[in-house]
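Written below as structure tokens is the structure these notes are about.
The values are calculated or read from the model by the stated rules, or taken from the named source; none is laboratory data. The shown structure was predicted, so the numbers you read here are calculated from the model rather than taken from an experiment. Neighbour counts run over all protein chains shown; Cβ positions are idealised from the backbone, glycine included. Heads up: the accessible areas ignore ligands, DNA and RNA and are worked out on the full protein's heavy atoms, side chains in. Shrake-Rupley method; radii C 1.70, N 1.55, O 1.52, S 1.80 Å.
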Amino acid sequence: MPPDTPTWTDRWQAFWHAVPVPDFLWPQLLWLLLAVPLLVLLYLWLQGRRRKLAVRYASLSLVRDAGGKGPGWRRHLPPLLLLFAFVAMLLAAARPVAVIALPAQQQTIMLAIDVSASMRATDVQPNRMVAAQQAAKSFISELPRNVRVGIVAFAGSAQVAQLPTQSREDLERAIDGFQLQRGTATGNGIVMSLATLFPNSGIDVSAMGPNRSGMRSAPLAGIEPPAQAAPPKPVPPGSYGSAAIVMLTDGQRTTGVDPLEAAQIAADRGVRVYTVGVGTRDGDTIGFEGWSMRVRLDEETLKAVAAKTQAEYFYAGTAADLKKVYDTLSSRLTVEKRETEVSALFALLAAALALVSATLSMWWFHRVA
């Protein structure tokens, strides 16, 4: 056997890990399953006793009636189904839990979108900005109506283009109203998104580091955060299930807050930051309207931001890729796998098996098994 050929043991282990095997909250009740082989032995003893009684009758017709109508296997099927129902009830009593896909708990998603001047580049047709706007609109339209979406636009600074809302019309107007600016402050986009999600936590972009562009980030309308709010106690990264941030950018940071510092703030609050890189991957000089600029997508930083917050990084080199990325994000943010008690499913299975057993007994033998 070649050394790379998997053995039967390897295949069985791979199958065992691939199949979702339930765990149990009350595993001590599984000892009751020892009653199952006792019930089987009891059934076999009753069948043997029934045959011994049947042979005492002189009439062959009575012997035939004692054996039941129809093929012999019909006599055993209803009791077998009833036995399976009993097993399912015992498993339900042990309170099984399994990791299954369920609707996600995210109620708010912040879109942080790069509106730097390089988004005019046409390597993504018709250009990066238009492709990003179209993909963002499609993403929003696919989300459940109960999910609120907020939008942060960032270039040399970050501003809230739309506070979290369920109004898809307001979100589309905010996306259509993007104005391109100079600079790329990816960290500011993350921090402003966090300040929108936690308006009373005292998160202040201007207080986190030098803003080399000389521009202050616009404060949230009508919100005055506490002047000296104590930092919250850090929680496990990715543990905050009520909100997430999706950041799209086409370049590397040129000003503002360090994105890794911003990612750490998000991680301490348990908020996942999904990052999307679009456009030139290895660096290129793009030109438009009589001037040129050098741009490069900082994938390493975007991957680090996503990893630090227990999220994912996606690359989109074309408009079609960007649409696929947002479709993937929509499914990831609206459906999640989590450990859930599935006792009800086993109880439902037990009820269905018992019902089928009783139905077959009434149909074939005009009695309940």
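Please go through segment 25-40 and pick out each residue that is surrounded by 10 or more Cβ atoms within 10 Å (Cβ to Cβ), over 14 Å from F86 (Cα atoms) and modelled with pLDDT of 85 or more. Those that are surrounded by 10 or more Cβ atoms within 10 Å (Cβ to Cβ), over 14 Å from F86 (Cα atoms) and modelled with pLDDT of 85 or more: W26, P27.
Among residues belonging to segment 171-180 that are more than 19 Å from A243 (Cα to Cα) and surrounded by 14 or more Cβ atoms within 10 Å (Cβ to Cβ), point out the one that is modelled with the lowest pLDDT.
Looking at the filtered set, the residue picked out is L180.
Across segment 93-115, the qualifying residues are those that are of a type in the set (G, A, S) and modelled with pLDDT under 90, and the one among them that is nearest to A155 (Cα to Cα) is A104.
Does L143 satisfy the condition of being under 18 Å from A263 (Cα atoms) and touching a Ser or Thr at 6+ places or on another chain (Cβ under 7 Å)?
So L143 fails the test.
Among the residues of segment 168-200, those identified as closer than 20 Å to V295 by Cα and under 28 Å from the mean Cα position of the chain (by Cα) are T186, G187, N188, G189. Taking only segment 351-367 into account, find how many residues are of a type in the set (A, V, I, L, M, F, W, C) and in contact with a Pro (Cβ under 7 Å, 6 or more places away or on another chain). Within segment 351-367, residues that are of a type in the set (A, V, I, L, M, F, W, C) and in contact with a Pro (Cβ under 7 Å, 6 or more places away or on another chain) number 1. Whether a residue is at pLDDT 90 or above and not charged (D, E, K, R) was assessed, and L302 passes this test. Taking (1) in contact with an Asp or Glu (Cβ under 7 Å, 6 or more places away or on another chain); (2) within 20 Å of R272 (Cα to Cα); (3) surrounded by 14 or more Cβ atoms within 10 Å (Cβ to Cβ); (4) at pLDDT below 95 in turn, I140 satisfies each apart from (1).
Listed conditions (1) over 30 Å from P234 (Cα atoms); (2) open to solvent by less than 40 Å² (accessible area, probe 1.4 Å); (3) at pLDDT 80 or above are all met by V295, apart from (3).
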